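A quick write-up on the structure given underneath.
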Amino acid sequence: MTYFYVVVKYNVYLRHVKVLKTMNKIQMILILLLMITGLIRVNAQAVAEIEKANKSCKAVFLVTYNTDGADADKAFSIANDAKKNLKASSVVVKLNTADAANHAVVSKYRLAGAPSPLILVLDKNGTPSGGLPLKDATSAKLIDLIPTPKTSELIKALSDGKSVYVVVYKESMTTQKI
């Protein structure tokens, strides 16, 4: 009778161990899903900020970095200085290029091989109009990279793959026919 009792107890123990292992696996999967959801939300926040700025016709200073540190903070402060000079017509967005969740944005703006940190200036319609690495960046240079409305139209058409004809003339010309 004691032998039978030990075997039954051992089988119950083995079942208990299997249940615990299964529960640990489920717990790890749930934790990973929560982390992935958080990463997607962070990526969606950067994309949402860019889209929101584009809808309200604001320039975006996209500060790209691959590791947090003094350089990334310095680039962010330079972009914030440029934003302060422009008042309410610009937005500063941080983007970690090393984060896998930001892969879509990194590939869209071709930032994979770019020096880091880089401050990319996005026009009011979302097209990149220029960028400066940290060593060359000043708030005045960043403001100069924001195009005029007509240049903005030109950059947008070129980025959409359309043909562009540029006609230049002086106001003093007697005939302005093409």
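No value in this document is a laboratory result; all are computed from the given coordinates. Keep in mind the model is a prediction, meaning the values are calculated, not measured. Backbone-built Cβ (ideal geometry, glycine too); neighbour counts: all protein chains shown.
According to the Kirkwood expression over distinct Cα-Cα pairs, how big is the hydrodynamic radius of segment 37-157, in Å?
Radius from the Kirkwood sum: 14.2 Å.
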remark   = Amide H contacts under 5 Å for residue 116, restricted to residues at least 5 apart in sequence or on another chain and with H modeled in the peptide plane, are none
From phi via Karplus (6.51, -1.76, 1.60), per-residue ³J(HN,Hα) for segment 63-69 in Hz, x at Gly/Pro = 8, 9, 8, 10, 9, 5, x
Set 124/150; 87/124; 74/108 screened for pairs whose C-alpha atoms are more than 20 Å apart = 74/108
ask   = Out of residues 5 or more away from residue 92 or on other chains, whose amide H comes under 5 Å of its own, with H placed 1.01 Å from N in the peptide plane?
value = 61
task = Report the extension gain between residue 148 and residue 100 in nm, rounded to one decimal, defined as 0.36 nm multiplied by the number of residues separating them, less their alpha carbon distance.
result = 13.9 nm
task = Could you sort 156-168, 45-57, 127-139, 110-122 so that the peptide with the highest average Cβ count within 10 Å comes first and the rest follow in order?
result = 110-122, 127-139, 45-57, 156-168
Spin-label proximity, residue 173 to segment 142-164 - amide N less than 13 Å from point 7 Å beyond Cα toward beta carbon = none
